[in-house]
1. So if I place +1 on the C-beta of Lys and Arg and -1 on the C-beta of Asp and Glu, and nothing else carries charge, what would the dipole magnitude of the stretch A:1-147 be about its Cα centre? I want it in debye, nearest 20.
2. Return the value, in Å² to the nearest 100, of accessible area buried between chains A and B (probe 1.4 Å, both sides summed).
3. Give me the net charge of A:LEU357's neighbourhood, meaning all other residues with Cβ under 15 Å from the Cβ of A:LEU357; Lys, Arg count +1, Asp, Glu -1.
4. Amide H to amide H, which residues 5 or more places from B:SER36 or on other chains are under 5 Å from it, using H placed in the peptide plane?
5. Whole Å is fine, so just give me how far the alpha carbon centre of the stretch B:65-127 lies from that of the stretch A:291-361.
6. Less than 15 Å Cβ to Cβ from A:GLN186, Lys/Arg counted +1 and Asp/Glu -1: what total charge do the surrounding residues give?
7. Among the listed pairs B:LYS138/B:LYS265; B:LYS213/B:LYS331; B:LYS265/B:LYS306; B:LYS99/B:LYS306, which are separated by more than 21 Å between their Cα atoms?
8. How tilted is helix A:105-118 with respect to the longest principal axis of chain A? Cα atoms for both, answer in degrees (0 to 90, nearest 10).
Number of protein chains: 2
Amino acid sequence: MQTVRIGIVGLGNMGSGHARYLIEGQVKGAVLTAVSDVSEERLNWAKEKWGDQLHTYLTPGEMFRSGEVDGVLLCTPHYDHPRQAIEAFECGMHVLVEKPAGVYTKQVREMNEAAARSGKIYGIMYNQRTNPLYIKLKELISSGELGEIRRTNWIITNWYRSQAYYNSGGWRATWAGEGGGVLINQDPHQLDLWQWTTGLMPKRIRAFCAFGKHRDIEVENDVTAYAEYENGATGVFVTSTYETPGTNRFEISGDRGKIVIEDDKMTFWRLRQLESEFNRDNRDAFAQPECWKFDIPIKPGGTQHKEITQNWTDSILHGTPLLAPGEEGIKGLTISNAMLLSTWTDGWVDLPIDEDLFHDKLQEQITRSASASGKGGKA
Amino acid sequence: MQTVRIGIVGLGNMGSGHARYLIEGQVKGAVLTAVSDVSEERLNWAKEKWGDQLHTYLTPGEMFRSGEVDGVLLCTPHYDHPRQAIEAFECGMHVLVEKPAGVYTKQVREMNEAAARSGKIYGIMYNQRTNPLYIKLKELISSGELGEIRRTNWIITNWYRSQAYYNSGGWRATWAGEGGGVLINQDPHQLDLWQWTTGLMPKRIRAFCAFGKHRDIEVENDVTAYAEYENGATGVFVTSTYETPGTNRFEISGDRGKIVIEDDKMTFWRLRQLESEFNRDNRDAFAQPECWKFDIPIKPGGTQHKEITQNWTDSILHGTPLLAPGEEGIKGLTISNAMLLSTWTDGWVDLPIDEDLFHDKLQEQITRSASASGKGGKA
């Protein structure tokens, strides 16, 4: 194969965005050949905009079986991702799925299993993994520069969403329509980066979600979560959608100091020796290890969706390793599900979570959902 | 009375410090006339240093009854504060107690009751209440400048204490000797300021303390606490003693923006209108209220112990209102006790706490304490 023929499922904001840079030839080795959408109007709009050579389909399945595409980008509502991905894999497609991977880990696990059976290239649109800040952080941690991690703390409260935003689509911020709030809609990148950069998944989580705080919505829009890791480290994750300008500050404390990412800058307070070694040898009651403060240089660029699409295309054509393997989408989602489950059960949640229990609890929310009848089709 | 004759109980680090500025005449209207300490050696040292006119006593009670002092500064181990204060009040003394007020609220409540019965001037050494940063914060919040508070977040992890520090006194970091760790020894100021500046006491707390983390000690030296307030706001308090250089960052988010205190600076991101009003009237899905960022000017100075002693002296002589009334010492201690109790019971703690339950749980710790036999006398 010299060129990957790409089909896009779902021509909403994300799907149209991906189509645009593909049409403009910004992804080497990839060409957009087809789109599918439930709306005939959208399909006509796409043909008008991007030309008659574009194949259009009212269902994803038709596109998967058309012989016109080698790989698909799934840009549909969250709930639809696993089912559509499984169908795509069964049709021999490579798949690049938008985040979040899905709404609950049970369905995402099935998607991962289908991907493994297919042997196709399976990526997830974690474009923040191309952000040089987080690449650098991951590198500093994995190379041992920060020492063993002792604490993580992410305050990510700059996801301002007004009531007007929530009112702009009836499915928004409903259990039946979206399956969650800030955790599933705004935070998937941070929940992924929290574990990807540190290389640590929580061992257990205790979280406190508030639903419809300062907003007339069903789902969580305010979360404080506490995490414990296998190595004894602890973590805090705080997020909301009603604060403005809010905060995006990620602090990681390790045996060799601390790193803070804030305002798109990274600062490293680096100890000249490991704290654990200093502490072992020191005999002076009020001494502290010597510390140097650095502004870590960060390469410009990154974070663009097309970089993930390029990498996935390169993986199909040349076997390039994926920056964001689809299988890893379940990690951030597990953390997200655990936070809701801890709130619903008012207790600790051990990871990996009880997937059936989460699924049952989610179904309870959907059944109670004010918009369940109107939005059932989406789920 | 034209001059307050002051007696100091306990000539450790704090007691000697207070004696020094009093001897130097730095507190107008106050004169140091007496000291008491269990060590005859310390008393002789004091006479040598500060002159033979100084009355010295081996027990506080002798000093309280000597007729040589009008008011006393209690600078003894935490556990002793309430008992000694009660005796002082019964002897007609004014009392200024070092922080923390005590180790458990049950004993502190009895101290407060004795103070009220006595009608004497009762202060607590919360010298951080003279810090212009926190005075300004309290003023901005109480004047409504920040709007209704929605979230508080204090990361206070710059209390580095090495093993050498803990080894420097056998009573240190033991349940029998000190009755707690970072919460009772390092954090009393922050626990006080957290509620004093915001005017909010938590309604309930869920906290996660680790005991002897990276250190060979009995007590808590790593705490993450989540708080809920009556008005719906939430809070996080993170503290530890093994991180360096650590962080001291206090963020308060309100209906009119957010304030962050870090590196001795205060920044105010101020919305031109209340978020709640903007949200009510706004019809644009992605609009946000206009925000202006200010560096808030802070007066220099403050935080000195002698300012609290001066204020307490002025209150005795002239009826000046106290900056830090002794009765308020129970507030921060209640929060501190609640954090330990939540950890010990692995559940929510409603405030005010069950004082008897806390006392029982603390006694269990003391009984199990490795140093219980050696340190029982201190408690």
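1. Result for the stretch A:1-147 is approximately 420 debye, rounded to the nearest 20.
2. 4300
3. Here the count lands on -3.
4. Placed amide hydrogens put B:ILE8, B:VAL9, B:GLY10, B:TYR57 under 5 Å from B:SER36.
5. Value for the Cα centre distance between the two parts: 55 Å.
6. Net charge around A:GLN186: -2.
7. On the way: B:LYS138/B:LYS265 15 Å; B:LYS213/B:LYS331 27 Å; B:LYS265/B:LYS306 23 Å; B:LYS99/B:LYS306 14 Å.
In this structure, B:LYS213/B:LYS331; B:LYS265/B:LYS306 lie more than 21 Å apart at Cα.
8. Compared with the principal axis, the helix lies near 70 degrees.
The values are calculated or read from the model by the stated rules, or taken from the named source; none is laboratory data. In this text the structure is predicted, and so the values were computed from the model without any measurement. Here the Cβ is made from the backbone with ideal geometry for all residues, glycine too, and neighbour counts use every protein chain on show. Only protein heavy atoms, including side chains, enter the accessible area calculation; ligands, DNA and RNA are left aside. Shrake-Rupley method; radii C 1.70, N 1.55, O 1.52, S 1.80 Å.
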